[in-house]
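J.: The structure follows.
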Amino acid sequence: MTKTIELKGVQQRFHARGTAGGYLTAVDDASFTLSAEPAQVTSLVGQSGSGKSTIARNVLGLQKPTAGDVLYNGKDIFQLSRAEYDDYRRNVQPVFQDPYAIFNPFYRVDRVLWKAVKKFGLASTREAGLALIEESLRAVKLEPERVLGRYPHQLSGGQRQRVMLARVHMLRPAFIIADEPVSMLDAQVRKLFLDILLDFQRDHGMTTLFITHDLSTVYYLGGDVMVITKGVIVERGPVDTVMHEPSHPYTKLLLDSIPQPDPDQRWTDRIEVDELGEEEKAEAKLASTPETPVI
Ligand SMILES: Nc1ncnc2c1ncn2[C@@H]1O[C@H](COP(=O)(O)OP(=O)(O)OP(=O)(O)O)[C@@H](O)[C@H]1O
Ligand SMILES: [Mg+2]
């Protein structure tokens, strides 16, 4: 059976002072399906505060939605049997923005990898475990001898992030939930990271939900994209289609306000954004604030 993650009408409200009704709706009626076969990359793009991380937390079971369902292989993730839950924990792996927060500064980075070996029973001997760790480090273009034995602060941000990818490589999950994993990396390291995700898709059949505020990253990854604004997924489809024929004014505005990422300049046509209010224009500009481009 093909593994799937399905969101059905997910709504997430939070108590918030000074808002109408005393709450804000961070995610409103979000529905989508991620399938393990064929492996795919689906990006979720939107400005800061649009609800992206909330959706990631819903998918990872860290936050129970106020309404709607998150299903893993058709079953509510909050009502899985022990065996189903173990399968879900192994097959839905997060990668977050700042791996430094995940590493314990007092332990060598090896520990994160050994913990995965032990928790998931990946090897029966120490030699086999070490061989697996080394293979996975090489798969993410890290030299084991330059990483093992080091403390987190002795590695660069890009190396720390790739150690987390090595952990993913060891586990071979069906799904990777990556929340802004490259936003703290510079252009060169960012490209390396994205290429590894694409390798994982091609070589190991991993499906990634890639969360970002940066359209040029989406463009680089290809696959499918969902555009979210104010908690609502307003547009979705293959990246090429959405970027060349955006149907929602917010997407048009996002595309219009980023530096041209496509060398053949396919999107230079003037895009009318008069449908949007001043506030939305300002937000869209904010969301696409030029930063280090990917390519
Ligand atoms: N635990 C919480 N309690 C109250 N409000 C929250 C909570 N988590 C998120 N929010 C609010 O929900 C909205 C969506 O937040 P979320 O973190 O999902 O956005 P985001 O798209 O990931 O933003 P960013 O790009 O800055 O990471 C924001 O208004 C945020 O302040
Ligand atoms: Mg976020």
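J.: Would you calculate, for the chain, the mean residue ellipticity at 222 nm contributed by helices, counting each DSSP H stretch of 4 or more residues as -39,500 (n - 2.57) and dividing by all residues, to the nearest 500?
T.: -11000 deg cm²/dmol, from helical runs alone.
J.: Over 28 Å between C-alpha atoms is what I'm after, so list which of Lys115/Lys141; Lys52/Lys252; Lys64/Lys141; Lys8/Lys119 land there.
T.: Those over the limit are Lys64/Lys141; Lys8/Lys119.
J.: Rg(Cα) of the stretch 26-171 divided by 2.2 N^0.38 Å?
T.: Against the empirical 2.2 N^0.38 Å value, I get 1.18 for the stretch 26-171.
J.: Find the Rg to Rh ratio for the stretch 43-100, where Rh is the Kirkwood radius over alpha-carbon pairs and Rg uses the same atoms.
T.: Rounded to two decimals, Rg/Rh equals 1.00.
J.: Using amide H atoms built in the peptide plane, which far-off residues or other-chain residues are under 5 Å from Thr207 H to H?
T.: When sequence neighbours closer than 5 places are left aside, the close amide H contacts are Gln40, Phe175, Ile176.
J.: With a sphere of radius 11 Å drawn around the Cβ of Gly205, what net charge do the other residues whose Cβ falls strictly inside it have (Lys, Arg +1; Asp, Glu -1)?
T.: +1
J.: Relative contact order, percent, of the chain when contacts are C-alpha pairs under 8 Å separated by at least 6 residues?
T.: Once normalised by length, the contact order is 23 percent.
J.: Could you calculate, for the stretch 104-209, the ratio of the Cα radius of gyration to the Kirkwood radius, expressed as Rg to Rh?
T.: 0.94
J.: Still on this structure, I have one more. Restricting to the chain, what percent of DSSP beta bridges are antiparallel, rounded to 5?
T.: Close to 55 percent.
J.: Scan around Tyr23 for amide H atoms under 5 Å from its own, H built in the peptide plane at 1.01 Å from N, and keep only partners 5 or more places away or cross-chain.
T.: Ala16
J.: Separate question: Using every Cα-Cα pair within the stretch 10-112, state what percent have a distance larger than 15 Å.
T.: 72 percent
J.: Against the globular-protein guess of 2.2 N^0.38 Å, express the Cα radius of gyration of the stretch 1-65 as a ratio, rounded to two decimals.
T.: For the stretch 1-65, the normalised Cα radius of gyration comes out at 1.28.
J.: For the chain, which whole percent of the accessible surface, found with a 1.4 angstrom probe, sits on carbon and sulfur atoms?
T.: Carbon and sulfur: 49 percent of the exposed surface of the chain.
J.: Looking at the stretch 75-167, which chymotrypsin sites (Phe, Trp or Tyr not before Pro) are DSSP coil and have at most 10 other C-beta atoms within 10 Å of their C-beta?
T.: Here the chymotrypsin sites (Phe, Trp or Tyr not before Pro) that fit, given the DSSP loop and packing criteria, are Phe106.
J.: In whole angstrom, how long is each semi-axis of the equivalent ellipsoid of the chain, when you take the square root of 5 times every eigenvalue of its Cα gyration tensor and sort them from largest down?
T.: Here the semi-axes work out to 33, 23, 18 Å.
The values are calculated or read from the model by the stated rules, or taken from the named source; none is laboratory data. Only a predicted model underlies this, so the values are computations on that prediction, with no experimental measurement involved. With ideal geometry, Cβ positions are generated from the backbone for all residues, glycine too; neighbour counts draw on all protein chains shown. The area values use the complete protein model at the heavy-atom level, side chains included, leaving out ligands, DNA and RNA. Shrake-Rupley method; radii C 1.70, N 1.55, O 1.52, S 1.80 Å.
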